[in-house]
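Engineer: Can you read through this structure? Questions will come right after.
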Amino acid sequence: EPASALDPIATQKIEELIYFPDKIEKPARIDEIWEGFSQEINHHIDTEVCALFRVNDHTHEFELSHWRPDDVDKSCQREIDAQIECGMFAWIINRRLPAIIPSLVFKNRKTLIMLPLTTQAQTLGLVMVVTPIHENAITHERLKLLAILAKQCALIMENTLLYAQLQNEHASLQKAQHRIIQAEKFAAFGRMTSGAFHEFLNPLNILSSHLQLMQMSALPAEQVQAYAALMDTQTKRMANMVKSLQRFSAPRKRRSEVLIITPLVYESLDAVQARHPDRKISFEMVIEADTPLVDVNREDFMTVLAHMLDNAFEAIADSGTIRVQVGHGIPGDAPSSVRPMVVCRLSDDGGGISSDNLAKVFDPFFTTKEIGNGTGLNLSICYALIQSMGGTITARSEVGAGATFSIYLPAAG
């Protein structure tokens, strides 16, 4: 049959090729792709040998990776070596088109159908088909059919390799993120340990020095009582720090109750005003009428409000305003589909927090106060307590423009 004659069977099979990719499960392995591809070739042409040569990513050489039947691997390799030596292989690869050529190794006048596996971006390999059909009997339509099949196979292989590459990159990214998280944990632990040492050494030095003074000389009773009172104060200070550390490291899972948040805020404001009777600070309250109830532990939430309001008081030098807003709210990095939440937003018009310090405000033992004026645990405790109730705290600030802390709590029900 002349090569230019029409082949109705081949033309019909070209239409059937659109279903070939559906026969390959996705994502697939190269073995699975080869299995489906070689079977499809056998379905369309009489095949004695079929071999896949893939491009090595590192050496860029064509290497034999799959073949049928099992005992033809050496013959396939010799065939390719012979085609490379005579220059035919390079010509086929450079054209990126199928070719029909006589075999140089397989006996009995076999015909080779060389099918480059190419995509728009790259050449992935080549499929060599050995057929007993004479080259003049292979129609243009049948060769076109095999070319389409090879193109589809190349696209499936490219997608598989890209998927594997993405998996490897994702795994590498996860490992890198894990290393970063571990490094940050060690850094945070170092900062916490350093802060703890510093906070405990101060009262211990005071205790040690006053004990030495009491042992070195006979002191009046009044002086002994004064030293004892000071030592008692430092002992209680250390005890409070231990309790704070316990609360920070493992907040107790307490019974929660459904509450209206507004009375709790007013009660906390009254308490903080009583602790600072001489401060000229005003309050502004904004409460949304339909604010949902919250499911919290009352004592823990009141502790959080007390610490947050005390911080706001201390941030304002002489006189100023503390604003409290209560209503619906969702953290900025949370999806809109999360459980409805209630936000209690506390703002002050104090000096603000620098960007460097803002990233560390919830770190244990981080404080900008003078030595002895703070442990740097209050905000860490607040963060831990709110998290134990299913919420979170965020902070934003600018130097000279005050600070805003937003407490997000899941709405009840």
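Engineer: Compute, for residue 279, the solvent-accessible surface of its heavy atoms (probe 1.4 Å) with the complete set of protein chains present, and express it in square angstrom to the nearest 10.
Structural biologist: Surface open to solvent at residue 279 totals about 70 Å².
Engineer: Let me ask you something else. Between residue 74 and residue 121, what FRET efficiency comes out of the Förster formula 1/(1 + (r/R0)^6) with R0 = 22 Å and r the beta carbon distance, rounded to 0.05? Don't jump to the answer; show the numbers that get you there.
Structural biologist: Values: r = 33 Å, r/R0 = 1.48.
After rounding, the FRET efficiency stands at 0.10.
Engineer: At 1.4 Å probe size, what's the solvent-accessible area of residue 383? Round to the nearest 10 Å².
Structural biologist: The accessible area comes out at roughly 70 Å².
Engineer: Right, next: Do any trypsin sites (Lys or Arg not before Pro) in the stretch 105-162 lie in a DSSP loop with no more than 11 other beta carbon atoms within 10 Å, and if so, which?
Structural biologist: On the way: sites: 107, 109, 110, 142, 144, 151; in loops: 107, 109, 110.
Counting only loop positions with at most 11 other Cβ atoms within 10 Å, the trypsin sites (Lys or Arg not before Pro) in the stretch 105-162 are 107, 109.
Engineer: On to the next question. Obtain the nm distance between the two label points defined at residue 229 and residue 299 by a simple spin-label model: each point lies 7 Å from its Cα along the Cα-to-C-beta direction.
Structural biologist: If labels sit at residue 229 and residue 299, their model points lie 3.1 nm apart.
Engineer: Report residue 180's accessible area, 1.4 Å probe, all protein chains in place, as a number in Å² to the nearest 10.
Structural biologist: Residue 180 has an accessible surface of roughly 120 Å² with all protein chains in place.
The values are calculated or read from the model by the stated rules, or taken from the named source; none is laboratory data. Here the structure is a predicted model, which is why all the values come from computation and not from measurement. As a convention, Cβ positions derive from the backbone with ideal geometry for all residues, glycine included, and neighbour counts pool all protein chains shown. The accessibility values were calculated without ligands, DNA or RNA, using every heavy atom of the protein model including side chains. Shrake-Rupley method; radii C 1.70, N 1.55, O 1.52, S 1.80 Å.
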